[in-house]
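The values are calculated or read from the model by the stated rules, or taken from the named source; none is laboratory data. Please read all numbers here as calculations on a predicted model, not as lab measurements. Quick reminder, even Gly has a Cβ in these numbers, built from the backbone with ideal geometry, and neighbours come from all protein chains shown. Heads up: the accessible areas ignore ligands, DNA and RNA and are worked out on the full protein's heavy atoms, side chains in. Shrake-Rupley method; radii C 1.70, N 1.55, O 1.52, S 1.80 Å.
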Amino acid sequence: MRAQNSEVLKNEFTLSEAIDFAIANNRSSKNSLLNIEAAKQQKWETTAMGLPQINGKIEYTNYIQYPLTDEMLEGFPLAAFMFPKYSLTPSVTLSQLIFDGSYIVALQSAKVFLDITKNAKIKTELEVTKAVTGAYNNVLLTEESCKLIEKNIINIKKNLEDSKIMLANGFVEEEDIEQLQITLNNLENNLNSLKQMHVISLKMLKLTLGISNNKEIRLTEGLHTLIQRTTSKATTLENFSVFNNIDYQIAENETTSKKLLFNLEKAKLLPSIRGFVAGSNIGNSQSFSFFEKSQTWISTALVGVNIDIPIFSSFGSTAKRKRAKIDWKISQNKLIDTEQQIEINYEKAQSDLDLALNTLENKILNLRLAERIENKNNIKYKEGIASSFELRQAQMQLYSSQQEYLQAMVNVINKKTELNALQN
């Protein structure tokens with residue numbers, strides 16, 4: 001209900017707000033919280049196995065075919081006690097686990113399982129953060145692309161109108177008009193495509209946020225704001241540690257879990273001891289008179305201990321222990337591989353971010369050059385020095401530089417998010 005209320009109230013998002021909202025409302029995040037609650041209940045369920053247990057039981061028997069006749073009962077009154085037609089025995093038993101090695105391991109495993117679900121939640125939040133960042137950027141990318149293309153369409157239409165006047169005065173050929181028309185047609189087609197992509201990217205963002213498609217939302221930060229904030233912060237991780245990485249912690253949980261499974265198999269070699277106290281009332285009768293005051297009850301009470309001692313299992317338990325030990329060793333090897341892989345991932349993420357920043361600088365320079373080249377060719381075309389084909393080449397180079405610049409900004413933001421995710 002709280003998530004639904006937040007959805008009703010919230011419809012404007014910065015990137016940071018969108019991430020926080022998704023962590024609270026994304027269905028994967030909600031499921032990770034539910035998994036933690038389930039793990040807590042499982043931990044208590046395991047704990048309760050070693051606490052006192054009270055069970056009640058009622059046994060009722062009724063001989064449908066009674067083996068004794070009235071004559072036999074008269075001649076041998078004790079037979080009525082030994083073979084009552086009706087018998088009712090209510091009993092209560094209190095039992096308490098005294099020692100069981102498997103129970104001790106089960107308690108340890110329940111704690112580890114809870115740690116696993118908590119780490120899984122952190123992993124989910126990191127994945128949601130990356131998904132929201134990517135979806136948020138895609139919406140901004142299509143928005144900015146649409147604005148640029150709309151601006152380019154206005155410029156090309158102006159060129160087209162000027163060229164038609166020049167054509168009427170004999171300064172350009174009809175082919176020049178056709179070249180510009182081709183450019184205009186392509187721009188309008190790209191604009192329609194980007195508008196459709198914008199609708200889809202917005203739906204994907206809503207899905208990631210956990211918001212229904214029919215709800216209107218507005219993004220309050222643009223690409224330029226995000227890239228300025230991203231590049232103004234440190235582009236390296238200080239005091240990076242593999243051991244703080246969530247993937248390492250999850251792999252470590254797996255190793256601990258396999259170790260406990262090995263300990264469980266060893267614990268099965270030990271005896272289990274359980275004490276109990278039981279009390280019962282036995283009522284026998286030749287008629288159903290258990291609710292009458294005249295009914296005679298025989299009360300019993302006893303105390304005892306059950307000891308289960310494993311003796312021989314045809315070497316099955318030995319094979320289980322060996323297999324559990326092998327699985328534990330495999331998980332240790334995987335942990336080492338995970339540690340090395342995370343170090344490689346860190347180096348790659350840092351390298352990718354550095355490359356993305358260098359690429360962004362390059363695309364900024366290229367865009368400025370493309371703008372100057374297009375402007376010069378536009379002037380030359382109006383003066384009759386450059387052909388429409390040369391102008392079109394300069395325009396296509398400009399349009400390509402614009403898109404590459406926008407994509408480079410998105411790439412920097414995404415790469416920085418991936419780097420940050422390595423340190424949780």
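Observations
- Residue match in the stretch 227-242 (condition: closer than 18 Å to Asp337 by Cβ, part of a loop (DSSP other than H, G, I, E, B) and under 19 Å from the mean Cα position of the chain (by Cα)): no
- Within the stretch 160-198, being in a helix (DSSP H, G or I) and loosely packed, with under 13 Cβ neighbours inside 10 Å holds for Glu161, Ile165, Ala168, Glu174, Glu175, Glu178, Ile182, Asn185, Asn189, Asn192, Gln196.
- The set of residues in the stretch 242-261 that are open to solvent by 30 Å² or more (accessible area, probe 1.4 Å) and not basic (Lys, Arg) comprises Phe243, Asn244, Asp247, Gln249, Ile250, Glu252, Glu254, Thr256, Ser257, Leu261.
- If you go through the stretch 149-159 and pick out every residue that is buried (at least 19 other Cβ atoms within 10 Å of the Cβ) and either within 39 Å of the chain's Cα centre (by Cα) or not β-branched (Val, Ile, Thr) (or both), you end up with 3.
- One residue stands out in the stretch 26-64 among those that are in contact with a helix residue (DSSP H, G or I) (Cβ under 9 Å, 6 or more places away or on another chain) and not in a helix (DSSP H, G or I): the one that is surrounded by the fewest Cβ atoms within 10 Å (Cβ to Cβ), namely Met49.
- Failed item in (1) open to solvent by less than 30 Å² (accessible area, probe 1.4 Å); (2) at pLDDT below 95, with Val132 passing the rest: (2)
- Take the conditions (1) surrounded by 15 or more Cβ atoms within 10 Å (Cβ to Cβ); (2) over 33 Å from the mean Cα position of the chain (by Cα); (3) small (Gly, Ala, Ser); Ser314 misses just one of them, which is (1).
- For the stretch 213-239, taking the residues that are open to solvent by less than 50 Å² (accessible area, probe 1.4 Å) and not β-branched (Val, Ile, Thr), the one that is farthest from Ala421 (Cα to Cα) is identified as Lys215.
- Residues of the stretch 287-309 satisfying the condition of being farther than 11 Å from Ser87 by Cβ, part of a loop (DSSP other than H, G, I, E, B) and either open to solvent by 70 Å² or more (accessible area, probe 1.4 Å) or touching a helix residue (DSSP H, G or I) at 6+ places or on another chain (Cβ under 7 Å) (or both): Phe291, Glu292, Lys293, Ser294, Thr296, Ile309
- Test result for Glu390, assigned to a helix (DSSP H, G or I), in contact with a helix residue (DSSP H, G or I) (Cβ under 9 Å, 6 or more places away or on another chain) and closer than 30 Å to Ile165 by Cβ: yes
- Candidate set: the stretch 87-125, residues that are open to solvent by less than 40 Å² (accessible area, probe 1.4 Å) and assigned to a strand (DSSP E or B); chosen: the one farthest from Ser32 (Cα to Cα): Ser87
- Against the list (1) under 27 Å from the mean Cα position of the chain (by Cα); (2) more than 30 Å from Ile104 (Cβ to Cβ), the condition Gln249 fails is (2).
- Every residue from the stretch 134-165 that is farther than 30 Å from Ala408 by Cβ and out of contact with any helix residue (DSSP H, G or I) (no Cβ under 8 Å at 6 or more places or on another chain): Glu161, Ile165
- Residues in the stretch 262-286 that are charged (D, E, K, R), surrounded by fewer than 19 Cβ atoms within 10 Å (Cβ to Cβ) and at pLDDT 90 or above: Lys266, Arg274.
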